[in-house]
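Presented below is the structure to which this report refers.
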Amino acid sequence: MSQFRKHGRTPVKCAVRLKHREIGDVITETRDISESGVFVSCRELVHFVAIGDEFEAKLYTECDRVSETHLKVVRLTDDGVGLAFA
């Protein structure tokens, strides 16, 4: 499957707070990250969002650094949601 990806994935677990205009705040964890986006592990989230939905996001690293960004849903799986940096 990796032959179809533009950017390689790096396994990274960090806390992420997603803010969606309709469902509110969701706190979850990243599974991996790339230059183009992140995958978040959240089986419940896939039932409430659709491809194209947008989030405001705060990613929390181990050294207490917070990165704020906008993310767009690009993939839904049974394990979570693929989000692209907007």
Enumeration of residues in the stretch 49-68 that are farther than 12 Å from ARG17 by Cα and either modelled with pLDDT of 95 or more or open to solvent by less than 30 Å² (accessible area, probe 1.4 Å) (or both): VAL49, ALA50, ILE51, GLY52, ASP53, GLU54
Read through the list (1) within 18 Å of ILE23 (Cβ to Cβ); (2) under 11 Å from the mean Cα position of the chain (by Cα); (3) of a type in the set (A, V, I, L, M, F, W, C), then give the number of the only condition that PHE39 fails. (1)
Residue check for THR10: open to solvent by less than 100 Å² (accessible area, probe 1.4 Å) and in contact (Cβ under 8 Å) with a residue 24 or more places away in the chain: yes
Out of the residues in the stretch 20-39 that are of a type in the set (A, V, I, L, M, F, W, C) and surrounded by fewer than 17 Cβ atoms within 10 Å (Cβ to Cβ), which is nearest to VAL73 (Cα to Cα)? ILE23
Criterion: open to solvent by less than 20 Å² (accessible area, probe 1.4 Å), modelled with pLDDT of 95 or more and not aromatic (Phe, Trp, Tyr) - qualifying residue of LEU45, LEU71: LEU71
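The values are calculated or read from the model by the stated rules, or taken from the named source; none is laboratory data. Quick caveat: nothing in here was measured; it's all calculated off a predicted structure. Cβ: placed from backbone, ideal geometry, glycine included. Neighbour counts: every protein chain shown. To get the accessible areas, we keep the full protein, side chains included, count just its heavy atoms, and leave off ligands, DNA and RNA. Shrake-Rupley method; radii C 1.70, N 1.55, O 1.52, S 1.80 Å.
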